[in-house]
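Student: Structure below; questions to follow.
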Amino acid sequence: MSSETFSLHQLGWQPEYAQHLTLADFEAGYPARVMALHRHALLVMCSRGVVSVVLPHQLIDTDEGIAVGDWVLVEHEADRVLRLLDRQSVLVRIAAGGDHQRQSIAANLDVLFVVSSCNDDFNASRLERYLALALDAGVTPVIVLTKADSGHDVAAYVASAEQLMPGVPVVAVNALDGASVSQLEPWLASGRTVAFVGSSGVGKSTLANRITGEATQRTSGIREADARGRHTTTAREMFPTPSGAWVIDTPGMRELRLAAAKPELGAVFGDIEALAAACRFRDCQHDGDVGCAVEAALLAGVLDTRRLANYHKLRREALRVQQARHEQREHSRQFNAMAKQAMRAKRERLGR
Ligand SMILES: Nc1nc2c(ncn2[C@@H]2O[C@H](COP(=O)(O)OP(=O)(O)OP(=O)(O)O)[C@@H](O)[C@H]2O)c(=O)[nH]1
Ligand SMILES: [Mg+2]
Ligand SMILES: [Zn+2]
C-alpha cells in the first residue's frame, strides 16, 4: 500500500454517507474507507493516510460482514471502528460450503466491469445473470470483452453483448495492450470505485494490473508457476489508478457465487416483461398458457428461445433463494423466542 494520502473526496466520499451521522458521531470519530482486509488487520484510509484499526466483535458478526470499499467511523485516538456507514451499493457472494452464508465482498462501487472473452467463455446467459446481479447490487454495469486480439470475430461478440440490455456499454479490449485498455478511462475518473467480475481466466487481474499500473494482482500466468497450481485472486484489497479511481479485483466464477436479494430481472429482461403485459392472464407463466404474448413472440421469431429459458431459470433461482432466506429468518426467529423463554424461566426460578 502506498504512503500517498488522499482527500475524502478522492477516496470517493459522497454526501450521502453522512446522512445518518449525527454531530455526536463526528465528535466521537472520523470517516475512513476500508482499503484492505487481512486475516488479523483491517486497513482503512482517511485523509491522513492508512491506519490499521480494530473491528469490534459485534461488527464482525453483522449480517454479511464488512467489505473492501466500506466507509466506517473510526474512534478518535483509538484506532477502533465505531460503526459501519450506510452503503450505496454492495456485492454479496454466497460463501463456499453448503450453508449459503452470505458475505459482502465489495462495497460502494460505482461501476461493475462484467468481464468475458471473445472466445468460448462468451455466454449470453451468464452475462444476463451478471447484469441482473449488478443492478441488484446497485452498481452500473459495463460489459468488457477481453482477448479482442485472439483473432475471432470480435464485432460479432460485441453485437451479441449489445443485444442483452439496452444502454449497457460494451467494450472489446486486448488486456495485454495499454492503448486498448485505455478505452476503460471514461469509468476511471478520480474518486470512482470499480470492480471486475467474470469467469476464471478471462483477464480480470490482467486488466486490474494494467489500469493500476502495477502488478498488484496475481494473474494466471503467475499462477501456472505457483507450486500449488491454485490462484490467489481475492477481493480483499483495493488499489488506486493513476487517474485517481479505485479498483477491486475478484476471484473467478467458481469461487465467486454472487448472491442477490432480488435480482433485477425486470430491468435486464425489459423486452420479455413488456411482452408479458399483453398476455391474456395476469398470472401467465409464459409456459404453455393460453393467450401468452411471450410465447407468441417466440413463435414469430422476435424473441430468442435461449433468452426466455434463461429468464425462467433466473426467476426460479431467485424464488428459491428468497424461500431459503425466509426459512432461515423464520428459523432464527423461533430459536430466539425459545432462548428468551428459557432465560425468563431461569430468572423466575432464581426468584428475580
Ligand atoms: N491474448 C490475450 N491474453 C489475455 C487477455 N486478457 C488476459 N489474458 C491472459 O489470460 C490469462 C488469464 O488472465 P487473468 O488476468 O489471470 O484472469 P482472471 O480473470 O484474473 O482469472 P482468475 O483470477 O482465475 O479469476 C493470463 O495468461 C493473461 O495473460 C487478452 O486480452 N488477450
Ligand atoms: Mg484474477
Ligand atoms: Zn405469457
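Student: Can you tell me which residue in the range 90-149 is surrounded by the fewest Cβ atoms within 10 Å (Cβ to Cβ), limited to those that are in a helix (DSSP H, G or I) and among the basic types (Lys, Arg)?
Tutor: Here the residue is Arg126.
Student: Shifting gears a bit: Considering only the range 277-289, state which residues are more than 35 Å from the chain's Cα centre (by Cα) and either surrounded by 10 or more Cβ atoms within 10 Å (Cβ to Cβ) or modelled with pLDDT of 95 or more (or both).
Tutor: Once the filter is applied, which keeps residues that are more than 35 Å from the chain's Cα centre (by Cα) and either surrounded by 10 or more Cβ atoms within 10 Å (Cβ to Cβ) or modelled with pLDDT of 95 or more (or both), the range 277-289 yields Arg280, Phe281, Asp289.
Student: Could you tell me whether the range 317-332 includes any residue that is open to solvent by 50 Å² or more (accessible area, probe 1.4 Å), β-branched (Val, Ile, Thr), touching a residue at least 60 places away in the same chain (Cβ under 8 Å) and at negative phi?
Tutor: Checked the range 317-332: at least one residue is open to solvent by 50 Å² or more (accessible area, probe 1.4 Å), β-branched (Val, Ile, Thr), touching a residue at least 60 places away in the same chain (Cβ under 8 Å) and at negative phi.
Student: Let me ask something else about it. Which members of the range 175-205 meet the condition of being open to solvent by 30 Å² or more (accessible area, probe 1.4 Å) and closer than 11 Å to Val144 by Cβ?
Tutor: Gln183, Trp187
Student: A further question follows. Yes or no: Ser243 over 19 Å from Ala36 (Cα atoms), away from ligand 2 (no atom under 11 Å from the Cβ), at pLDDT 65 or above and assigned to a loop (DSSP other than H, G, I, E, B)?
Tutor: yes
The values are calculated or read from the model by the stated rules, or taken from the named source; none is laboratory data. All values derive from a computational prediction rather than experimental measurement. Cβ sites come from the backbone with ideal geometry, for glycine too, and all protein chains shown count toward neighbours. What goes into the accessible areas is simple: the full protein's heavy atoms, side chains included, and nothing from ligands, DNA or RNA. Shrake-Rupley method; radii C 1.70, N 1.55, O 1.52, S 1.80 Å.
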